[in-house]
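A.B. asks: Pasting in a structure now, in structure tokens, and then I'll have a few things to ask.
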Amino acid sequence: MVDTPQLYHQLPLLPYRFRYVGFLLIILSFGAAYLYFWGGRPAFFEIPVFAIVTSYVETRWMVIAQTNALDEIAVVFGILGLLFVGFSREKQEKTGYNPLRVKAIFYSVYIAAGLWILVYLTIFGWPIIVISATIFILFLLTYIITFRFLLFKKNVEVSNTNQLNSLDKEK
């Protein structure tokens, strides 16, 4: 496989406007989490859901269970929001951005794997399940932060190069 700009241009990115939807979903996820943890869990969100397995008082398989859906809403909206923000095109998309995206993905995988291994070796019992579930969210956050940092660094380099070129032309 040849490493060409066309290869990077084929990344399946979402349209730029999905970024706005992503920020809205993130805000809604914080609202749902607030209601779940500190807002008294309004009864409106008590709904029957299909559960492959549920384990509260007793473990049951393949049942319809009653649950407050706020925590599920918070997590799903949060993950979708981060996906939309992280994997949307830039307003002024350039072909040089996709190699930065690929680099950010690799850094994020390394960081998430390292964190998961560290957590797995230092936390025991049921909390490992809860913390392991947050690793994907941390992966998405790490990707967004890393891509933004690499993009900022590239723009600073381009700006410095342009300034040097303009100084050379003045001489």
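A.B. asks: Give the range 10-27 a look and list any residue that's over 18 Å from Glu93 (Cα atoms) and surrounded by fewer than 17 Cβ atoms within 10 Å (Cβ to Cβ), or say none.
C.D. replies: Hits for the range 10-27 are Val21, Phe23, Leu24, Ile27.
A.B. asks: Let me ask something else. Suppose the filter is assigned by TED's automatic domain parsing to the domain that holds Lys154 and either loosely packed, with under 15 Cβ neighbours inside 10 Å or over 19 Å from the mean Cα position of the chain (by Cα) (or both); does Gly40 pass it?
C.D. replies: Here the answer is no, as Gly40 does not meet what is asked.
A.B. asks: Also: Does Ile145 satisfy being touching a helix residue (DSSP H, G or I) at 6+ places or on another chain (Cβ under 6 Å), free of Cβ contacts under 8 Å to residues at least 40 places away in the same chain and either assigned to a helix (DSSP H, G or I) or small (Gly, Ala, Ser) (or both)?
C.D. replies: It is false that Ile145 is touching a helix residue (DSSP H, G or I) at 6+ places or on another chain (Cβ under 6 Å), free of Cβ contacts under 8 Å to residues at least 40 places away in the same chain and either assigned to a helix (DSSP H, G or I) or small (Gly, Ala, Ser) (or both).
A.B. asks: Gln66 fails exactly one of the following numbered conditions: (1) within 27 Å of Ile27 (Cα to Cα); (2) surrounded by fewer than 17 Cβ atoms within 10 Å (Cβ to Cβ); (3) polar (S, T, N, Q); (4) touching a helix residue (DSSP H, G or I) at 6+ places or on another chain (Cβ under 6 Å). What is the number of that condition?
C.D. replies: The one condition Gln66 does not meet is (4).
A.B. asks: Which condition number does Val57 fail, the rest of (1) loosely packed, with under 14 Cβ neighbours inside 10 Å; (2) among the hydrophobic types (A, V, I, L, M, F, W, C); (3) not assigned by TED's automatic domain parsing to the domain that holds Ile27 being met?
C.D. replies: Result: Val57 fails condition (3) only.
A.B. asks: Which residue out of Ser88, Ser132, Ser108 is within 24 Å of Ser29 (Cβ to Cβ) and touching a strand residue (DSSP E or B) at 6+ places or on another chain (Cβ under 6 Å)?
C.D. replies: Ser88
A.B. asks: Can you tell me which residue among Gly96, Gly86 is under 30 Å from Asn155 (Cα atoms) and touching a Phe, Trp or Tyr at 6+ places or on another chain (Cβ under 7 Å)?
C.D. replies: Criteria check complete, one pass: Gly86.
The values are calculated or read from the model by the stated rules, or taken from the named source; none is laboratory data. Computed from a predicted structure; not experimentally measured. Note that each Cβ is placed from the backbone with ideal geometry, even for glycine, and that neighbours are counted across all protein chains shown.
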